[in-house]
Structure formats: C-alpha cells, structure tokens
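Worksheet: one structure, shown below.
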Amino acid sequence: MKQIALLIGLLILAATTGYAADDVIKIGMVNDQTGANKASGRGMKVGVEAWFKAVNEKGGVNGKKLQLIVVDDQFVPEKTVDGLLKLVDEQKIFAVVGGVGTPNCVASLPIVKEYKLPMINPRTGASELREPLVKEVIHIRASYKQEVDRIVDHLVQKGDKRFAVFYQNDAFGKDILNATEAAVKRHGLSVVSKGSFERNTTAVTGGLAAIMEGKPDAIIVGAVYAPGAAFIKLARKEGVKAHVAGGSWAGGSNLAKAVGDAADGLVMSQVVPELEDLSLPLTKECKEAIDKNPEEIGFNTVSLEGCEVAKSIVMALDKAGNPPTKEGFLNAYESMKDADLGGVKLSLSPTDHTAQDNVYLQSVQGGKLVPVKN
C-alpha cells in the first residue's frame, strides 16, 4: 500500500497551479497512463487538459479556473479505487472524468455514490454502468451495444453470416460478446465460435484456435489495442481471411498503428466525428486546442473524445451556480436538450444519462482510417 500511495503521489499531475483555492474547480481523472491501455488514458488526459487550458486562457468558467488532477491506475481496478479515494479525501475534487476500463469504472461506483461525486464520461460503453441509471454518472459517448449493432449491420450488408467474437475475459469483454450475440440474432444468425484471453495479457493463441474452429467470415474483436493487435496479426499470419472489426474501445488509430501492415480492411466504429471533418466547429476547435498541447498523443479519436467531454463539462459548469454545486452541475446536464457542442448535440434527462448515440464507421485502407460510406 505504501508503494501505491507513493506512486499515486508522484503521478498527481498539476497539483499546484498558483491559483487561490477558492478560484479553482478541481476535476479528477483516474485512468491508465503507463499500463496496457495507456493510449486511451493518455488520450483522454490530452483532450480534457487541452480544452481546460483554452478555457482558462479566456478567464475560466464564471471567473474560476479549471484544474485537471490525474492519477495513474495502470489499468488495475484496485489502484483505481485507491487513486479516486485519494483525490476525494486530499484534493477535494468536484467531479471525476474519463475513467478507462469497464472493471475500473465499475469499481469506482461505490465511491461515486457515497460521495455523490459526478462521474463524467467513463470511457466505456458497458451496460453495467448504464443500467440501472446512476444519478451521478453522465455518459457523453454511445454505448458498446450501439457500436456493435452498427458494425454487425454493416458486415451483414456485406454478406457475412458466420460471426465469431474474440473477447477479454472480464466484464468489458463479455459485454462485447453479449452485444454481438444480440446483434446477430436480430438478423437470424448466431455466433459460430468464440475465444477469450485474460486481461492485461497478450496471450491470444488459444483464443484464435477456438475461433478458427467455427470458420467465421467475420470476427468482432472485444479487446483493447495491444492484445487486439496481437490477435489480428496472428490471425492474418495463420491465413484467416475473415473480416475483422473492432470499436472505439480499441482506440481506432492506436489499433491500426499497432497492427501495421495486417490492418488493411479492418473495420472500426468510433463515437466521435471524423478527425478530418474540420467543417464541424467541435472538431476544428478541439484540434486547435490539442495542437497547442499535444504531448506525445496528438489529435486522435481519443483526445477528440476527451476534448468533447471537457466542452460538455464547461457547458454544465456555466449553469451549475456560482460557486457551482455538484447537484447543480448534474441538474445542468439533465436539463440539456439539443445542447450544441459545435455540430454535435447533447440531450439528457433525469431518466436518460446518455447524451448522444452517434456511431461512425471507418475502415483501414492503405494504412489510414477512412469513413465507411453506407
């Protein structure tokens, strides 16, 4: 525990800013900065922090500056809990944003409920965080079910009938498996084979062997980018010709980059607009903010999601009172009706905490992710 406490203490970022305590709204972030899913955690940090800096340069929100305090949980749920408790007890955070990993976010729920701590956009589309609705949890992204539905519909239109699922053996992976089984059932089909692997490993050989027994013509990959890439590369090496698809959970460009030459034809669902669509004010403004503060991540689908979420936080804070209250903050979200973030609109209510259901499809062509045209 002492080592964990030391690690957390060392990895609290931007803990001092020079602002007076009463002039700062502290937003916490506990996610993976150095572990198996670090690309997602770092991307969220870059996007949220970039927008907060842009807002602070213009005077903040109602005269208050925004401070993001980040703790690295290394994708380990126990460290997620330790880090969040530390932020609540010592940093007195107002809200938490951008958790990564279904088990990590689920582990945070008891703390979120006990402290009535707003939890904004846990970066997961898992049903476990959406049903039943939790007052303190706000989702800006579409659900995994919505992503998988879109992927399956597309692949069925291409003629695929034999679906397989490669999934992480935990709540996240099983959510992708269940969503796929439900999606193919709508088309009168069933999953012909499935293979799994253990969380925080890239041990994919056994899972691939199990999937190949079903001779699928489409494989849904329910894995983050590192094991997902290992699986796809091995599948292509073994001569598997099936269509392969993943979702926003794998980070889009992160997965394509990790797969390399074997990525051609890979189908990906995303929950943010196309990066190249700078006609949208959201994309243009976020790109400009992130380009000023890119770190090693730069402007990608994950950092755009972080920026989009940060914009929603600022919008809700603006209507949460001065000084803002947590209750007022959550009420501000629940009162959003077609709230415009810049070409993407959010609508929530006391009985619906999913702000949008936009899903965008892409495929890898020549090493690049390009939009899939219906």
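The values are calculated or read from the model by the stated rules, or taken from the named source; none is laboratory data. Since the model is a prediction, treat every value here as computed from it, not as a measurement. FYI the Cβ positions are ideal-geometry reconstructions off the backbone, even for glycines, and counts take in every protein chain you see. Areas reflect the complete protein model, heavy atoms only, side chains present, ligands, DNA and RNA absent. Shrake-Rupley method; radii C 1.70, N 1.55, O 1.52, S 1.80 Å.
For Glu147, the conditions (1) within 25 Å of Ala209 (Cβ to Cβ); (2) at pLDDT 95 or above are fulfilled apart from (1). Exactly one residue out of Leu133, Leu177 is of a type in the set (A, V, I, L, M), out of contact with any helix residue (DSSP H, G or I) (no Cβ under 9 Å at 6 or more places or on another chain) and open to solvent by 40 Å² or more (accessible area, probe 1.4 Å), and it is Leu133.
Total residues in the range 56-73 satisfying the condition of being open to solvent by 20 Å² or more (accessible area, probe 1.4 Å) and touching a residue at least 60 places away in the same chain (Cβ under 8 Å): the figure is 3. Residues of the range 32-55 that are over 13 Å from Asn293 (Cα atoms) and either of a type outside the set (Lys, Arg) or touching a residue at least 40 places away in the same chain (Cβ under 8 Å) (or both): Asp32, Gln33, Thr34, Gly35, Ala36, Asn37, Ala39, Ser40, Gly41, Val55.
Scanning the range 320-333 for residues that are surrounded by 17 or more Cβ atoms within 10 Å (Cβ to Cβ) and not aliphatic (A, V, I, L, M) yields a count of 3.
Taken over the range 338-374, the criterion of being assigned to a loop (DSSP other than H, G, I, E, B), in contact with a strand residue (DSSP E or B) (Cβ under 8 Å, 6 or more places away or on another chain) and more than 30 Å from Ala258 (Cα to Cα) is satisfied by Asp338, Ser347, Leu348, His353, Ala355.
When each of Val165, Val134, Val112 is tested for being free of Cβ contacts under 8 Å to residues at least 40 places away in the same chain and either under 25 Å from Lys311 (Cβ atoms) or assigned to a strand (DSSP E or B) (or both), the lone residue that passes is Val112. If the requirement is being β-branched (Val, Ile, Thr), on the phi < 0 side of the Ramachandran plot and in a loop (DSSP other than H, G, I, E, B), which of these qualifies: Thr202, Thr180? When all the criteria are applied, what remains is Thr202.
Considering only residues of the range 95-142 that are of a type in the set (Gly, Ala, Ser) and within 14 Å of the chain's Cα centre (by Cα), which is farthest from Asn331 (Cα to Cα)? Looking at the filtered set, the residue picked out is Gly101. Filtering the range 337-352 to residues that are free of Cβ contacts under 8 Å to residues at least 24 places away in the same chain, within 23 Å of Val134 (Cβ to Cβ) and more than 20 Å from the chain's Cα centre (by Cα) leaves Lys337, Ser349, Pro350.
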